[in-house]
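Asker: This structure is in structure tokens; I'll ask about it shortly.
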Amino acid sequence: DKGEYRHYMLKEIYEQPKVIKATTEGRITDSKVLEQALGTDAANLLENVRHVQIIACGTSYHAGMVARYWIEELAGVPCSVEVASEFRYRKHVIQPDTLFLCISQSGETADTLAALRQAKKAGFRAAMAICNVAGSSLVRESDLVIMTQAGPEIGVASTKAFTTQLTALLMFSLALARHNGLSEEREADIVRAIHQVPGQVNDVLALNSEIEEMSKAFMDKNHSLFLGRGSQYPVAMEGALKLKEISYIHAEAYPAGELKHGPLALVDSEMPVVTVAPNNELVEKLKSNLEEVRARGGELFVFADRAADVKAEAGLHVMQLPSVHEITAPIVYTVPLQLLSYHVAVLKGTDVDQPRNLAKSVTVE
Ligand code: F6R
């Protein structure tokens, strides 16, 4: 039931504060992650993990890409991320004491399951899953499972499944990090930041009409570029995926630093550039990249931390977002990009909940 909402996608975007909170419920205290709540055997399985191999497809793959930053930053454990359809068709080297982590909303994605089964033959320490569907094949075949509490996701374009995957992955990263020397202070600081996420997502949802206004600039465009740095690069990828899936506008994501290595040649007044720029040490560099685009007549749409002090000017549109902790920023910054693509699609009159050629669960290759 869509209730008061025009589309399931919008309803599911708005459910995010609630389902993110539900995903943390019983799994974190005020200051720490309750490891046993991630699985009774979690402590044993996470001890001595020396490498994490993440496998997923589509939006779930983007969640894995964000998690790589967290796992390496917080736990100092090397992490590889690969799309399942690539992993399963190449010869791969699985290092000793590897945790094999599959991320899937449905738990039935054919390529992800095939990758898991193949890796089992090759041998690894343990199979872990982040999944939204209890009793799915992925859940049944994994040793350790963190269920996202997103509830049924009806819209084909994944929204709340992604932000709850990120929430689960961050709790997992903290648990793994504790086995690898993360201080109690740092853990407490990040757990407090996790508690703030639902409220911050609500603050972003309050910008809905401003984002709707912004979406008009995309309606008659055929191409767009999404930029991000660090853990915001996968957020840019996810923003680009959402836009192409439901509005059919070609959208490409680039790490901001790659701009002058090629894509800058494409930028003109017909190619809007969207960038996610949180307030961290990288924001200054991003700003200078953005200058280069503007000099070429490109229009910039910047989602920035209020504190980052990015000022609107001609050709530079700024959407000010709440100040967020650097670690949780990818979760919060995803939401305005979901709303942007939603409104572009509504303006274009496409079938938002059921985009052409796509299925909710890809159970065949
Ligand atoms: C994008 C989308 C797809 C899925 C992908 C994986 O909005 O929904 O890219 O993320 O098909 O599906 P799951 O997570 O069910 O394995």
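Asker: Would you tally the residues in the stretch 216-230 being under 22 Å from the mean Cα position of the chain (by Cα) and of a type in the set (Lys, Arg)?
Answerer: Of the residues in that region, 1 qualify.
Asker: While we're here: Before we move on, is Ala307 out of contact with any Cys (no Cβ under 6 Å at 6 or more places or on another chain), within 22 Å of Leu205 (Cα to Cα), part of a helix (DSSP H, G or I) and open to solvent by 10 Å² or more (accessible area, probe 1.4 Å)?
Answerer: yes
Asker: Restricting the stretch 103-112 to residues that are crowded, with 24+ Cβ neighbours inside 10 Å and part of a loop (DSSP other than H, G, I, E, B), which is farthest from the ligand (Cβ to nearest atom)?
Answerer: Restricting to residues being crowded, with 24+ Cβ neighbours inside 10 Å and part of a loop (DSSP other than H, G, I, E, B), the top hit is Gly107.
Asker: Shifting gears a bit: State which residue is least open to solvent (accessible area, probe 1.4 Å) when the search covers only the stretch 85-102 and only residues that are within 16 Å of the ligand (Cβ to nearest atom) and more than 21 Å from Asn44 (Cα to Cα).
Answerer: The residue in question is Phe87.
Asker: Tyr5: assigned to a helix (DSSP H, G or I), farther than 13 Å from Thr163 by Cβ and of a type in the set (Ser, Thr, Tyr), yes or no?
Answerer: Against the criterion (assigned to a helix (DSSP H, G or I), farther than 13 Å from Thr163 by Cβ and of a type in the set (Ser, Thr, Tyr)), Tyr5 does not qualify.
Asker: Let me ask something additional. Among the numbered criteria (1) assigned to a strand (DSSP E or B); (2) open to solvent by less than 30 Å² (accessible area, probe 1.4 Å), which one does Gln320 miss?
Answerer: That leaves (2) as the condition not met.
Asker: Still on this structure, please answer the following. Only one residue in Val201, Val156, Val139, Val133 is among the aliphatic types (A, V, I, L, M) and either touching a Phe, Trp or Tyr at 6+ places or on another chain (Cβ under 8 Å) or under 25 Å from Asp30 (Cβ atoms) (or both), so which one is that?
Answerer: Of Val201, Val156, Val139, Val133, the one residue that is among the aliphatic types (A, V, I, L, M) and either touching a Phe, Trp or Tyr at 6+ places or on another chain (Cβ under 8 Å) or under 25 Å from Asp30 (Cβ atoms) (or both) is Val201.
Asker: Any residue in the stretch 72-87 that's in contact (Cβ under 8 Å) with a residue 12 or more places away in the chain and closer than 21 Å to Leu182 by Cα: show its pairings with residues that are of a type in the set (Val, Ile, Thr) and in a strand (DSSP E or B) at Cβ separation under 8 Å, as long as the two are six or more apart or on different chains.
Answerer: Cβ pairs passing all conditions: Val77/Val52; Pro78/Val52; Cys79/Val52; Cys79/Ile54; Ser80/Val52; Ser80/Ile54.
Asker: Looking only at the stretch 236-261, which residues are away from the ligand (no atom under 14 Å from the Cβ), closer than 14 Å to Leu340 by Cβ and within 16 Å of the chain's Cα centre (by Cα)?
Answerer: Ala236
Asker: In the stretch 145-173, which residue that is open to solvent by 10 Å² or more (accessible area, probe 1.4 Å) and more than 11 Å from the ligand (Cβ to nearest atom) is farthest from Gly239 (Cα to Cα)?
Answerer: Val145
Asker: Same structure, new question: Condition (residue is open to solvent by 10 Å² or more (accessible area, probe 1.4 Å), touching a residue at least 60 places away in the same chain (Cβ under 8 Å) and within 22 Å of Asn222 (Cα to Cα)) applied to the stretch 272-283: is it met by at least one residue?
Answerer: No; the residues of the stretch 272-283 include none that is open to solvent by 10 Å² or more (accessible area, probe 1.4 Å), touching a residue at least 60 places away in the same chain (Cβ under 8 Å) and within 22 Å of Asn222 (Cα to Cα).
Asker: Out of all the residues in the stretch 239-253, which are open to solvent by less than 20 Å² (accessible area, probe 1.4 Å) and touching a Gly at 6+ places or on another chain (Cβ under 9 Å)?
Answerer: Gly239, Ile246, Ala251
Asker: Going through the stretch 113-144 one residue at a time, which ones are within 14 Å of the ligand (Cβ to nearest atom) and not in a loop (DSSP other than H, G, I, E, B)?
Answerer: Scanning the stretch 113-144 gives Leu113, Ala114, Ala115, Leu116, Ala129, Ile130, Cys131, Ser137, Leu138, Val139.
Asker: Of all residues in the stretch 71-84, count the ones that are open to solvent by less than 50 Å² (accessible area, probe 1.4 Å) and either over 15 Å from Ile103 (Cα atoms) or among the small types (Gly, Ala, Ser) (or both).
Answerer: Result for the stretch 71-84: 5.
Asker: The conditions are (1) of a type in the set (D, E, K, R); (2) free of Cβ contacts under 8 Å to residues at least 60 places away in the same chain; (3) touching a strand residue (DSSP E or B) at 6+ places or on another chain (Cβ under 8 Å), and Arg140 fails exactly one of them. Which is it?
Answerer: Against the list (1) of a type in the set (D, E, K, R); (2) free of Cβ contacts under 8 Å to residues at least 60 places away in the same chain; (3) touching a strand residue (DSSP E or B) at 6+ places or on another chain (Cβ under 8 Å), Arg140 comes up short only on (3).
The values are calculated or read from the model by the stated rules, or taken from the named source; none is laboratory data. No experiment lies behind these values; they were computed from the predicted model shown. Note: ideal-geometry Cβ built from the backbone for every residue, glycine included; neighbour counts use all protein chains shown. Side chains included, ligands, DNA and RNA excluded: accessible areas come from the protein's heavy atoms. Shrake-Rupley method; radii C 1.70, N 1.55, O 1.52, S 1.80 Å.
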